[in-house]
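Colleague: Sharing a structure below in structure tokens format, with a few things to ask.
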Amino acid sequence: MSEQSERPIRVLVAKPGLDGHDRGAKVIAQALRDAGMEVIYTGLRQTPEQIVQAALQEDVRVVALSSLSGAHLHLFPAVVEGLRREGAADILVLGGGIIPDEDIPVLKEAGIAEIFGPGTLTSTVVDFIREKVSQSNLNSGSKT
Amino acid sequence: MFDQDKLAELQKQNQAYEEKLAAHTKKRPERQEQFTTDAGIAIKPLYTPCDLSDFDYGRDLGFPGDYPFIRGVQNNMYRGRLWTMRQYAGFGSAEETNKRFRYLLEQGQTGLSVAFDLPTQIGYDSDHPLAKGEVGKVGVAIDSLLDMETLFAGIPLDKVSTSMTINAPAAILLAMYIVLAEKQGVPQEKLNGTIQNDILKEYVARGTYIFPPGPSMRLITDIFAYCSKNVPNWNTISISGYHIREAGSTAVQEVAFTLADGIAYVQAAVNAGLDVDEFAPRLSFFFNAHLNFFEEIAKFRAARRLWARIMKERFGAQNPRSQMLRFHTQTAGCTLTAQQPQVNIMRVAFQALSAVLGGTQSLHTNSWDEALALPSEQSVLLALRTQQVIGYEIGVADTVDPLGGSYFIEKLTSEIEEQAMAYIEKIDQLGGAPEAIEYMQKEIQNSAYTYQKEVESGRKVVIGVNKFQMPEQRPGGLLKVDPAVAERQIARLNRLKSERDNARVEKILAELRRAAATDENLLPLIIAAVREYATLGEICDVLREVFGEYKQNIVF
């Protein structure tokens, strides 16, 4: 039996900052849940610190951040840094929202694994998470 | 409306047509197994008088400018004056936004619409820790009257109408506008404009709430009461379906939830002792123009007839102005694609046309590049020109409600109205809109997810996303907000705090704190506070102390 079917992947879907647009976050949350993952949604207006704490408490493998307000360059890297400080650098961090192309390399450099913009199919995100998580399980060797 | 004998004859012919059609489609299947609107209302191949057999012109349609206003709120609609072309704009600092405003006015725009940044909308000054990264991003940063003075520099407030997308702190921005006008020598009685001031949809769909529902509703009724006596031409609220639709609702849910919110505001004001015919004429609405063309037109018409009936029958409003639903429209931001973005120009044009055919009072057309960034000056100009083509070149504004009487449109209008009414009854059973926030969120979320699944399965076609894709390069020339704006804004705020009379600010804030705990109308004190250059954040902090803050229940 594969690790995946034994233990579902736990994902925190989070809305950092003051942005109130959560249609995308909720659609992604629902799609990941339908794909068999365990999903926790933070609700609106979370600080990066709150998101880091929630990720640790909920023991998630993945944090999916969504922002449409243009504050991503401040907020997304702050979550990655917070996780590193807490020794949780292995948590996969993804971003979505209205992110200009030129910001994507900056965010990847800061440790965001991938950015998913408007028009992304939810199946693309599901596949990406599954692949990354199983890769990291193979690499660590301990969880299979 | 139709002669019964002739109708019976027609029904026979219609039946024969349907049989012939069934035989035909058996041999040659139609493009789709079934046709529905985006809200899932079945669409037949043909509509005839048979679909409107109990239709009564006088009762169901009537004349424009008269109850139930389905054909329009003015007797000659756009033959008198076109709708107000009002582009929502705001970014960075007050100086930059002032430049964009003046540019739009020079290009023939007829009203202003202010976009505020998120800290302003949530009642934080630009130096608040939670404002970090957000200052000037989705709109202009306003901390005090000083910023408003810059924002409207060179724009005479007795000559323009101004709409402000501000909700939780609406009373404060309105107070700033009133004092600003006073400084320009314009009395408040002469001011024209709108504050959004619709907190219920913030809880449901948009997210810029501050205080809990009780005190929020009190601030709203304070505004109704103050304006009905002092700012008689001001639209005291813009009850908004726009964001409900953007969050994923159907057209039916948009009408239902918006009018349910409207009912809650009217009820709250009546409970506070106001006379319905004193404040209801200044209520206004705000809807989305989405892609399903005929459904959107029918939606606008259905909303008008339903609201007229609610105001007359439920609230006993006598003044026709209390019964008429006046509305602003914005084209649907959520339908803009990042893929092949110039296709958005076409989407926006059709959406705008549906709003005009639906009888809108004012209109914002989105810019083609908005799935990528805030719109550039060139793309905003093209969006404004789209409205001007509709208004000046294609003749659709030359007669009133040109689609009224279409068998399909009238049938669809009635179906949307009936389904929306069923939702409103459900919300009534739950205790009204303030008690039904989570219910509405759940309904919207289910619709959003259904829509996404339809896009992913290909049942719902989105050009460039799931059909007719092609490799492409992202366009250049997108607008970028100057990252230094936050620093400049904070420096400006610090300078203000060192230059104003802080003792007077403290005194008026203490007075506001006292009054907030009573049921005294807070508008006069808020006006006095902004006149002393108390900041938005300071005033909201006082109110937070007394009112507390709203905590969202996570519905998922």
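Colleague: Can you give me the P(r) profile for the stretch B:344-443? Cα pairs, bins 10 angstrom wide beginning at 0, each as a whole percent.
Modeller: Result, from short to long distances: 13, 29, 26, 27, 6 percent.
Colleague: May I ask you to list, by number, the DSSP H helices of chain B whose Cα span along the axis is at least 15 Å and whose average Kyte-Doolittle hydropathy reaches -0.5 or more?
Modeller: Details: long enough: B:4-27 (35 Å, -1.57); B:94-106 (18 Å, -1.28); B:170-184 (21 Å, 1.43); B:213-230 (25 Å, -0.04); B:251-271 (30 Å, 0.90); B:293-309 (25 Å, -0.35); B:344-357 (20 Å, 1.31); B:377-392 (22 Å, 0.28); B:407-429 (33 Å, -0.43); B:437-457 (30 Å, -1.20); B:485-499 (21 Å, -0.82); B:502-516 (21 Å, -0.29); B:536-547 (16 Å, 0.87).
Within chain B the helices that satisfy the rule are B:170-184, B:213-230, B:251-271, B:293-309, B:344-357, B:377-392, B:407-429, B:502-516, B:536-547.
Colleague: Tally Lys and Arg at +1 and Asp and Glu at -1 over the other residues with C-beta under 12 Å from the C-beta of B:Arg504: what net charge comes out? Show your work: numbers first, answer last.
Modeller: Values: positive: B:Arg500, B:Lys507, B:Arg531; negative: B:Asp501, B:Glu506, B:Glu511, B:Glu532.
Net local charge, B:Arg504 excluded: -1.
Colleague: I want to verify a result. In a Gaussian network model of chain A, Cα cutoff 10 Å, which of these has the top mean-square fluctuation: A:Val63, A:Val79, A:Val133?
Modeller: Largest GNM mean-square fluctuation: A:Val133.
Colleague: Which residue, A:Glu81, A:Glu114, A:Glu102, tops the fluctuation ranking in a GNM of chain A built on C-alpha contacts under 10 Å?
Modeller: Among A:Glu81, A:Glu114, A:Glu102, the largest GNM mean-square fluctuation belongs to A:Glu102.
Colleague: Looking at chain B from every direction and averaging, what is the projected area of its Cα convex hull in nm²? Before the final figure, lay out each step's value.
Modeller: On the way: hull surface 107.7 nm².
One quarter of the hull surface, i.e. the mean projection, equals 26.9 nm².
Colleague: Against the 2.2 N^0.38 Å scaling, with N counting residues, where does the stretch B:285-400 land? I'd like the Cα-based Rg ratio to two decimal places.
Modeller: Values: Rg = 15.9 Å, N = 116, 2.2 N^0.38 = 13.4 Å.
Compared with the compact-globule rule of thumb, the stretch B:285-400 sits at 1.19.
Colleague: Across 5 Å bins from the origin, how do the percents of Cα pairs in the stretch B:149-304 run, short distances first?
Modeller: 2, 9, 19, 20, 18, 15, 11, 6, 1, 0
Colleague: If each residue's Cβ is checked for other Cβ atoms within 10 Å, how do A:Ile104, B:Ile416 rank with the fewest at the top?
Modeller: Values: A:Ile104 16, B:Ile416 28.
Exposure proxy ranking, most exposed first: A:Ile104, B:Ile416.
Colleague: Still on this structure, please answer the following. Under the definition of partner shielding as Cβ atoms of other protein chains within 10 Å of a residue Cβ, what is the mean value for peptide A:65-75?
Modeller: Numbers: counts 0, 0, 3, 2, 7, 12, 9, 2, 2, 6, 3.
For peptide A:65-75, the averaged partner shielding equals 4.
Colleague: Then there's this: Would you please classify the overall shape of the stretch B:441-556 from the alpha carbon gyration tensor, given that a ≥ b ≥ c denote the square roots of the eigenvalues, rounded means a/c under 1.5, and beyond that prolate means a/b larger than b/c while oblate covers the rest? Intermediate results must be reported in sequence, preceding the final value.
Modeller: On the way: a/c = 4.66, a/b = 1.83, b/c = 2.54.
The shape class here is oblate.
Colleague: Per residue and in cubic angstrom, what volume does the convex hull of the Cα atoms of the stretch A:91-144 have?
Modeller: Values: hull volume 4.2 nm³, N = 54.
Given the Cα convex hull of the stretch A:91-144, per-residue volume reads 78 Å³.
Colleague: Assuming a ≥ b ≥ c are the square roots of the Cα gyration tensor eigenvalues, decide whether the stretch A:1-60 counts as rounded (a/c under 1.5), prolate (otherwise, with a/b larger than b/c) or oblate. It would help to have the intermediate numbers written out before the result.
Modeller: Values: a/c = 4.60, a/b = 1.58, b/c = 2.91.
Oblate, because a/c is 1.5 or more while a/b does not exceed b/c.
Colleague: Right, here's the next one. Over the residues of the stretch B:501-547, compute the C-alpha Rg and express it relative to 2.2 N^0.38 Å. Mind showing how you got there, number by number?
Modeller: On the way: Rg = 9.5 Å, N = 47, 2.2 N^0.38 = 9.5 Å.
Dividing the Cα Rg of the stretch B:501-547 by 2.2 N^0.38 Å gives 1.00.
Colleague: Return the whole-Å distance between the Cα centroid of the stretch B:473-488 and the Cα centroid of the stretch B:228-269.
Modeller: 33 Å
Colleague: What aspartates and glutamates sit close enough to B:Lys460 to cross-link, taking a C-alpha to C-alpha distance under 15 Å and skipping anything fewer than 8 places away on the same chain?
Modeller: In chain and number order, the partners are B:Glu33, B:Asp38.
Colleague: Suppose we keep just the alpha-carbon trace of the stretch A:7-140; what are its Rg and Dmax in angstrom?
Modeller: Final numbers for Rg and Dmax: 13.3, 38 Å.
Colleague: Related question: Quick one: compute a quarter of the convex hull surface over the Cα atoms of the protein assembly as shown and quote it in nm². Could you put the intermediate results ahead of the total?
Modeller: Details: hull surface 133.5 nm².
One quarter of the hull surface, i.e. the mean projection, equals 33.4 nm².
Colleague: Moving on to the next point. With a 10 Å cut-off between alpha carbons and a GNM built on chain A, which of A:Pro48, A:Pro77, A:Pro105 moves the most?
Modeller: Among A:Pro48, A:Pro77, A:Pro105, the largest mean-square fluctuation in the Gaussian network model of chain A belongs to A:Pro105.
Colleague: Can you give the net charge of the other residues whose Cβ lies under 11 Å from the Cβ of B:Thr97, counting K and R as +1 and D and E as -1? Intermediate results must be reported in sequence, preceding the final value.
Modeller: On the way: positive: B:Lys99, B:Arg100, B:Arg102; negative: B:Glu95, B:Glu96, B:Asp117, B:Asp147.
Once positives and negatives cancel, what remains is -1.
Colleague: Pairs to check: A:Lys26/B:Lys132; B:Lys27/B:Lys453; A:Lys108/A:Lys132; B:Lys27/B:Lys467; B:Lys99/B:Lys132; B:Lys132/B:Lys507. Give those whose C-alpha atoms are more than 19 Å from each other in this structure.
Modeller: Working: A:Lys26/B:Lys132 25 Å; B:Lys27/B:Lys453 31 Å; A:Lys108/A:Lys132 15 Å; B:Lys27/B:Lys467 28 Å; B:Lys99/B:Lys132 25 Å; B:Lys132/B:Lys507 29 Å.
Those over the limit are A:Lys26/B:Lys132; B:Lys27/B:Lys453; B:Lys27/B:Lys467; B:Lys99/B:Lys132; B:Lys132/B:Lys507.
Colleague: What is the Cα centroid distance between the stretch B:281-305 and the stretch B:200-223, reported in whole angstrom?
Modeller: Each part's Cα centre sits 23 Å from the other's.
Colleague: Across the residues of B:464-472, average count of Cβ atoms on other protein chains within 10 Å?
Modeller: Working: counts 1, 4, 2, 0, 0, 1, 0, 0, 0.
Rounded to a whole number, the mean comes out at 1.
Colleague: Order B:275-287, B:248-260, B:304-316, B:475-487 from most to least packed using the mean count of other Cβ atoms within 10 Å.
Modeller: Values: B:275-287: 21.6, B:248-260: 28.1, B:304-316: 19.5, B:475-487: 15.0.
The most tightly packed comes first, giving B:248-260, B:275-287, B:304-316, B:475-487.
Colleague: Averaged over A:44-51, how many beta carbons belonging to a partner chain fall within 10 Å of each residue's beta carbon?
Modeller: Values: counts 6, 7, 0, 3, 2, 0, 0, 0.
Per residue, the average neighbour count from other chains is 2.
Colleague: For the stretch A:58-136, place one equal point scatterer on every Cα, skip the solvent, and apply the Debye formula. What is log10 of I(q)/I(0) at q = 0.23 Å⁻¹?
Modeller: For the stretch A:58-136, the Cα-only Debye profile gives -1.16.
Colleague: Compute the signed sum of charges (Lys and Arg +1, Asp and Glu -1) over the other residues within less than 15 Å, Cβ to Cβ, of B:Arg79.
Modeller: Local charge sum for B:Arg79: 0.
Colleague: On to the next question. Tell me which residues come under 5 Å, amide H to amide H, from A:Val63 once H is placed; ignore anything under 5 positions away on its chain.
Modeller: A:Leu12, A:Leu92, A:Val93, A:Leu94
Colleague: Here's a follow-up. Using r as the Cβ-Cβ distance of B:Arg79 and B:Arg385, and R0 as 22 Å, what FRET efficiency do you calculate, to the nearest 0.05? Walk me through the numbers before you get to the answer.
Modeller: Numbers: r = 22 Å, r/R0 = 1.01.
The formula returns an efficiency of 0.50 here.
Colleague: At a 10 Å Cβ-Cβ cut-off, how would you order A:Leu44, B:Leu130, fewest neighbours first? Walk me through the intermediate numbers first.
Modeller: On the way: A:Leu44 21, B:Leu130 14.
The most exposed by this proxy come first: B:Leu130, A:Leu44.
No value in this document is a laboratory result; all are computed from the given coordinates. Bear in mind that the values here come from a model prediction, so they are computed numbers and not experimental data. Cβ: placed from backbone, ideal geometry, glycine included. Neighbour counts: every protein chain shown.
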